[in-house]
Amino acid sequence: MKLPFLSLLAALSSAFAAQVTVLGLNDMHANIDALPRLATFLRAEREARPGVLLMSAGDNRTGSPYVDNVPESGMPMIELMNKLGFDISTLGNHEFDAGADQLRDCVNAANFPFVCANVRTASGPELKIAPYHFFERDGVRICVLGLVQTGHNGLPDAHPDQLKNFRFRSPLAAVRDYTFLREQCDVLILLTHMGFEDDILLAKCFPQADAIIGGHTHTRVEGGHIENGVLITQAENKVKYITRLTFEVEEGRVVSKQAELIPLGELPADEEMLAAVDAVKNMPYMQRQLTTVSKDITRRESLGCMMADALRACAGTDVAVVNMGNVRLEEFPAGPFTVADCYRLDPFCNQTVIVKVTGRELISFLNLIPAGDHHGAPCVSGMRYHAVKPAAESQPMRITSATLEDGTPIQPDATYTMATNSYLMSVVSPLPADPGRAIDLDGARSMIQHLDGKPGIDYSNVSRVDLTIE
Ligand SMILES: [Zn+2]
């Protein structure tokens with residue numbers, strides 16, 4: 001029999017194994033400072049293994065003010081991922097953090113496809129996300145299917161308000177519709193953001209897959225984990241590691257596969273990527289000066305008082321309470337105070353909640369915070385207090401006296417309005433009787449609003465807590 005030249009070539013090449021290399025990252029969480037080292041790694045890798053595929057298992061954003069808190073939220077990370085040459089990404093729960101419009105803009109700006117099989121748009125313009133995507137390398141067909149986690153409420157772990165335009169299915173149910181993909185490719189990869197435990201369940205119900213590149217639980221999987229014949233990987237988080245998966249493919253099927261976890265922390269920075277990251281950090285929006293700190297602030301509590309003052313002023317309450325764990329800088333030198341500094345002090349973007357409390361409830365709320373926050377006595381605005389605290393961290397603090405700003409004692413049965421953050425409303429127990437009302441304001445934005453245009457601020461000696469450790 002005479003074979004046409006091309007099919008002869010195909011017949012010949014199929015007798016030899018082809019190799020496919022895939023690099024897996026997950027939960028980068030906008031750690032842009034690590035990207036110059038990643039670029040160095042990728043440069044060498046692409047030289048040694050041309051055609052290598054670079055994949056992200058989601059949560060690319062959320063973790064840096066330079067990415068999350070700019071007017072086009074998330075976009076700087078997409079631009080850096082374009083520069084790094086990502087081939088594909090799935091959606092993590094945090095991809096939804098800034099809402100449908102921002103997500104759509106990010107997906108449209110990416111030079112690579114996003115895949116996710118268990119989300120669809122319910123209203124508004126369609127999100128351009130396919131369930132799966134095909135690549136071809138050396139005649140090998142590689143199919144990548146995306147999946148995102150859903151929680152008890154049937155939604156990914158993001159603020160429900162940001163998810164209103166979408167509908168989700170359980171990833172373990174949705175994946176069953178895609179068994180046909182096995183016949184259409186040589187290598188079938190599930191790019192998931194479900195967490196390591198759920199990836200194991202996924203491998204049990206979908207043995208058709210060759211590998212699962214997972215994320216969400218920030219699990220460090222050394223050398224890959226085999227479950228039901230499926231190779232499962234995850235590379236911790238924040239670009240500390242990358243996983244290299246190698247597949248040997250013969251006659252349309254994977255005959256061997258392996259995974260290596262490679263640390264990136266010691267690599268030198270790539271100069272070009274370093275310049276790109278610096279450009280992101282020097283964006284005019286973040287560098288805008290709000291006010292001037294007139295004297296060095298040397299105590300964390302003083303910075304906490306400044307944050308609490310901003311919260312109280314913007315929320316218009318009698319008092320405000322900020323947990324010490326929410327104060328992310330120990331000190332601040334005299335000089336300019338910028339928008340970026342607000343996000344360095346409070347990167348969490350927790351919502352502000354206004355709660356009606358009795359004096360008794362206010363004192364109880366404050367007393368209970370150190371046991372849930374583990375960072376010490378809470379910072380306040382509009383009041384001051386004396387307290388004793390047992391040295392053991394788990395023991396609650398005991399306030400012995402408390403007054404309003406003007407010196408009048410806080411009355412147990414009087415009612416006050418308190419501004420605090422949604423984090424404390426979820427960790428303190430028991431809570432005041434009033435469940436509170438969340439307002440569209442977070443800690444950093446309250447500082448931007450409150451401090452913008454002030455000629456100067458002096459918090460150098462501010463302290464409102466007198467604490468004795470027993
Ligand atoms: Zn996640």
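For the stretch 360-377, the set of residues classified as outside any helix (DSSP H, G or I) and of a type in the set (A, V, I, L, M, F, W, C) consists of Ala377 only.
The conditions of being charged (D, E, K, R) and either within 24 Å of the chain's Cα centre (by Cα) or surrounded by 20 or more Cβ atoms within 10 Å (Cβ to Cβ) (or both) are met by Lys281. Tell me which residues, restricted to the stretch 196-234, are among the polar types (S, T, N, Q) and assigned to a strand (DSSP E or B). Listed by number, the list holds a single entry, Thr233.
Scanning the stretch 124-156 for residues that are crowded, with 18+ Cβ neighbours inside 10 Å and within 15 Å of the ligand (Cβ to nearest atom) yields a total of 7.
Scanning the stretch 378-402 for residues that are among the aliphatic types (A, V, I, L, M) and within 21 Å of Met306 (Cα to Cα) gives Val380, Met383, Ala387, Ala402. Evaluate the following for Phe96: is it within 16 Å of the ligand (Cβ to nearest atom) and modelled with pLDDT of 95 or more? It is false that Phe96 is within 16 Å of the ligand (Cβ to nearest atom) and modelled with pLDDT of 95 or more. Look at Gln395 and say whether it is modelled with pLDDT of 95 or more, surrounded by fewer than 15 Cβ atoms within 10 Å (Cβ to Cβ) and either more than 23 Å from the chain's Cα centre (by Cα) or β-branched (Val, Ile, Thr) (or both). It is false that Gln395 is modelled with pLDDT of 95 or more, surrounded by fewer than 15 Cβ atoms within 10 Å (Cβ to Cβ) and either more than 23 Å from the chain's Cα centre (by Cα) or β-branched (Val, Ile, Thr) (or both).
To keep it simple, each residue is scored yes or no on (1) at positive phi; (2) in contact (Cβ under 8 Å) with a residue 24 or more places away in the chain; (3) part of a strand (DSSP E or B); (4) surrounded by 20 or more Cβ atoms within 10 Å (Cβ to Cβ).
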residue: Asp33; (1), (2), (3), (4): no, yes, no, no
residue: Thr40; (1), (2), (3), (4): no, yes, no, no
residue: Ala44; (1), (2), (3), (4): no, no, no, no
residue: Gly51; (1), (2), (3), (4): yes, yes, no, no
residue: Arg61; (1), (2), (3), (4): no, yes, no, yes
residue: Val67; (1), (2), (3), (4): no, yes, no, yes
residue: Pro71; (1), (2), (3), (4): no, yes, no, no
residue: Glu79; (1), (2), (3), (4): no, yes, no, no
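The sole residue among Val357, Val388, Val353, Val380 that is assigned to a strand (DSSP E or B), surrounded by fewer than 16 Cβ atoms within 10 Å (Cβ to Cβ) and either in contact (Cβ under 8 Å) with a residue 24 or more places away in the chain or on the phi > 0 side of the Ramachandran plot (or both) is Val388. Residue pairs whose Cβ atoms lie under 8 Å apart, sitting 6 or more positions apart in sequence or on different chains, and linking a residue in the stretch 410-425 that is within 13 Å of Arg360 (Cβ to Cβ) to a partner that is among the charged types (D, E, K, R) and surrounded by fewer than 18 Cβ atoms within 10 Å (Cβ to Cβ), are Pro412/Arg360; Asp413/Arg360; Thr415/Lys356; Tyr416/Lys356; Met418/Lys356. Based on this model, can you work out whether Met286 counts as closer than 26 Å to Gly58 by Cβ and either assigned by TED's automatic domain parsing to the domain that holds His374 or not in a loop (DSSP other than H, G, I, E, B) (or both)? Against the criterion (closer than 26 Å to Gly58 by Cβ and either assigned by TED's automatic domain parsing to the domain that holds His374 or not in a loop (DSSP other than H, G, I, E, B) (or both)), Met286 qualifies. Return the residues of the stretch 202-255 that are among the acidic types (Asp, Glu) and over 24 Å from the mean Cα position of the chain (by Cα); say none if nothing qualifies. Residues satisfying the conditions are Asp210, Glu227, Glu248, Glu250, Glu251. The set of residues in the stretch 179-213 that are under 18 Å from Arg169 (Cβ atoms), of a type outside the set (A, V, I, L, M) and within 15 Å of the ligand (Cβ to nearest atom) comprises Thr192, His193, Gly195, Asp198, Asp199.
The values are calculated or read from the model by the stated rules, or taken from the named source; none is laboratory data. All values derive from a computational prediction rather than experimental measurement. Here the Cβ is made from the backbone with ideal geometry for all residues, glycine too, and neighbour counts use every protein chain on show.
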